[in-house]
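Just so you know, all these numbers are worked out from the coordinates, no wet-lab data involved. Values in this document were obtained by computation on a predicted structure and should not be read as measured data. Every residue, glycine among them, receives a Cβ derived from its backbone with ideal geometry; neighbour counts consider all protein chains shown.
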Amino acid sequence: MATTTQNHSAGSYGGQQFAPVENYDIDTIEPDVYAGAYRARCTDCVAKLSNSGKPMLQLDWTMLSTEDSGDGPQKSVGASKRDWVVFSGGRGGNFGKIKLREIRDGMALDADVIPASFSSLEELTDLCNAIKGNEMDVWVVPSKDRDGNPDTAMAYSAPRSASPMGDVEEEEVEEKPAKPAKAAAAKPKGNKAARR
């Protein structure tokens, strides 16, 4: 009975090679693009249906450059990130409208390229063609994925923290969660009890 043996060396299996894996930390999740301000190009724009059956644009962005000096944004130059703009009527569609308006303004697109009404994905082709290949300033902001893991999301206008008054606004946001001032409102009940 013949037996076969395989020689296994570090970084190979059955003759296939791979780069050594180092510093593998399952508790550290790195985003596909780090938070920061970027100049980006929309490399692809496709009209398709969302999981809920609504029409949407799927946008693929490549980060071209950043003025942020941090390690994360610097190593994100050249990285890609996907985003979506979902079309929906009523108040539920406001988020998509705002994103599309910011893209239109950031790319200086002709307003007529965005259809006021459409009944097929093909009617979004001109809009996709107008967006694809264009560049604009974008912001990648901290977010969480569906499972609560750290992630990032695309923004097409500067977030409040990126404004000159960002420090003041961040301080105000930090004060809001510390609003157990409502608990201090419970003191009058204690005062009423003391009056009895």
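Ranked by the mean number of other Cβ atoms within 10 Å of their residues, highest first, the peptides 65-72, 33-40, 141-148 come out as 33-40, 65-72, 141-148.
Starting from the Cα-Cα distance between LYS75 and ASP105, subtract it from 0.36 nm times their residue separation and give me the gain in nm to one decimal. Don't skip to the end; give the middle numbers.
Values: separation 30, 0.36 × 30 = 10.80 nm, distance 2.78 nm.
Residue separation times 0.36 nm, minus the Cα-Cα distance, leaves 8.0 nm.
Could you give the dipole magnitude of segment 15-150 about its Cα centre, charging the beta-carbon of Lys and Arg +1 and that of Asp and Glu -1, in debye to the nearest 20? Before the final figure, lay out the partial values.
Values: 15 positive and 22 negative charges, 109 e Å.
So the dipole magnitude of segment 15-150 works out to roughly 520 debye.
For segment 63-80, the residues whose backbone nitrogen is under 20 Å from a point 7 Å from the Cα of ASP151, taken along Cα to Cβ, are 63, 73, 76, 79-80. Over 18 Å between Cα atoms, which of LYS81/LYS132; LYS54/LYS99; LYS99/LYS132; LYS54/LYS132; LYS48/LYS132 qualify? Beyond 18 Å: LYS54/LYS132.
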